[in-house]
Amino acid sequence: MLDVYRKLCEVFPLSESGKKAVRINSESIKSQIRNGMKSNKKVFSENLDLVQILSAYCQISDPQTPRQQSFDKLISFTRNLTQNLLDKDGPSVISRLYAFFSEKLDQNDDKNSYFVSDLIVMLIYVYGLIGEECFYGVEEEERIKKLLINQFQSKNLEQDAKIKSDLDFFNKIKDHENFTQLVDTFFQNLKNLKNYRKHLKDKRELIKQNESNNNYSYKPLISQVCENIIDTAESPEQLTDLEYKTSGSEGLGNLLKSFKMGFMSTSNKPHPLNNDFIIIYIIGGISSYEYKLVKEIFNQGSLGEKKVLIGSSHFYNQKKILDKSLI
């Protein structure tokens, strides 16, 4: 929010009378936009594209909007869910998801800020982290399957902006001949998520337990790899490769390795941090969140002097995740 306000002040400089302490929020940004429009219409028209982006940012960041309030609640719920992900003393993760979404998805008014796409993304998240450990019995999974089927058949699907943003994808869902088959296929895809990492020699888990309070936190694979690079700067021999097990026919064996060994059986390659320019390329796609993590990790202390280029085979957003998981 502060960066947004600073950018706006570069375009519409504050007058001497306006240079006073203000609380930076969506209202102060909107006020600065209004003042800029009044004081210099020419500059305003020349920067109309920026003003539109900032106005949209204010709208989605306004804590008073129902959607933003719902989003904040969902983030808080997700954080709490993650912290207690493997807690066997209470309800299962799937039961907690059902309790959170079942009533909210049935609301059919303007205050309804939760949609089936939110539930789908949450299911992808928890199954990707702990697989079938997220439910205790088949009946729990069947109950949430029925909730999904009901939502695909309801009028609420028409209001789901994430699904409706792509009309072809929306029509594939809406006109599907068998919603039960669609949901069953989706859950089979969910169960395969955690299995993608089972043949890795290391870094098979994406959750880490906090030693001080026993809570869990989400630790993406790319984050673990980057932190391993930084933590081994003084002891390169402890740098671990990201590679598959060589035994068994299911794994990729020697076909996929990362920076340390690559396709050459040598252990004397220079440490990545010995270079001023570091290239990180991710096969299979990267999300905006993962991109942000990598930037933050390499912006620490003296690492900020190094140039880091982040590349990938493609960029993942929520729509692509939904598309790949459902259809």
Notebook entry, point to check: How big is the gap, in Å, between the Cα center of segment 185-221 and the Cα center of segment 94-161?
Noted result: 21
Check: How many nm separate the modelled label positions at Tyr281 and Lys307, each set 7 Å beyond the Cα in the direction of the Cβ?
Finding: 1.7
Next item on the list: Convert each backbone phi in segment 91-100 into a coupling constant with the Karplus relation 6.51 cos²θ - 1.76 cosθ + 1.60 (shift: θ = phi - 60°), then list the ³J(HN,Hα) values in order as whole Hz, x for Gly and Pro.
Entry: x, 5, 4, 5, 5, 5, 5, 4, 5, 6
Check: Which whole-Hz ³J(HN,Hα) couplings does segment 182-187 yield from phi under the Karplus relation 6.51 cos²θ - 1.76 cosθ + 1.60, θ = phi - 60°, glycine and proline marked x?
Finding: 4, 6, 4, 5, 4, 5
Next item on the list: Restrict the search to segment 163-252; then list the GluC sites (Glu not before Pro) that DSSP places in a loop and that have at most 12 other Cβ atoms within 10 Å of their Cβ.
Entry: Glu177, Glu211, Glu234, Glu250
Notebook entry, point to check: Ignoring ligands, DNA and RNA, what accessible area per residue does segment 156-249 give at 1.4 Å, in Å²?
Noted result: 58
Margin query: If you roll a 1.4 angstrom probe over the protein chains with everything in place, what fraction of the accessible area of segment 122-231 belongs to carbon and sulfur, to the nearest %?
Written below: 44
Next item on the list: May I ask you to compute the full-extension gain from Ile327 to Phe77, defined as 0.36 nm times their residue separation minus their alpha-carbon distance, rounded to one decimal in nm?
Entry: 87.2 nm
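Can you tell me the FRET efficiency between Glu133 and Ile230 if r is taken as the Cβ-Cβ distance and R0 is 30 Å, rounded to the nearest 0.05?
Numbers: r = 31 Å, r/R0 = 1.02.
Here the calculated transfer efficiency is 0.45.
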Next item on the list: Give me the distance in nm between label points sitting 7 Å out from Cα along the Cα-to-Cβ direction at Lys203 and Leu48, one decimal.
Entry: 4.7
Notebook entry, point to check: What residues have an amide H closer than 5 Å to that of Asn84, excluding those fewer than 5 places away on the same chain, when H is modeled at 1.01 Å from N in the peptide plane?
Noted result: Tyr216
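The values are calculated or read from the model by the stated rules, or taken from the named source; none is laboratory data. As the structure is a prediction and not an experimental result, all values here were calculated from the model. Positions of Cβ are backbone-derived with ideal geometry, glycine not excepted, and every protein chain shown enters the neighbour counts. These accessible areas exclude ligands, DNA and RNA; they are computed on the full protein's heavy atoms, side chains included. Shrake-Rupley method; radii C 1.70, N 1.55, O 1.52, S 1.80 Å.
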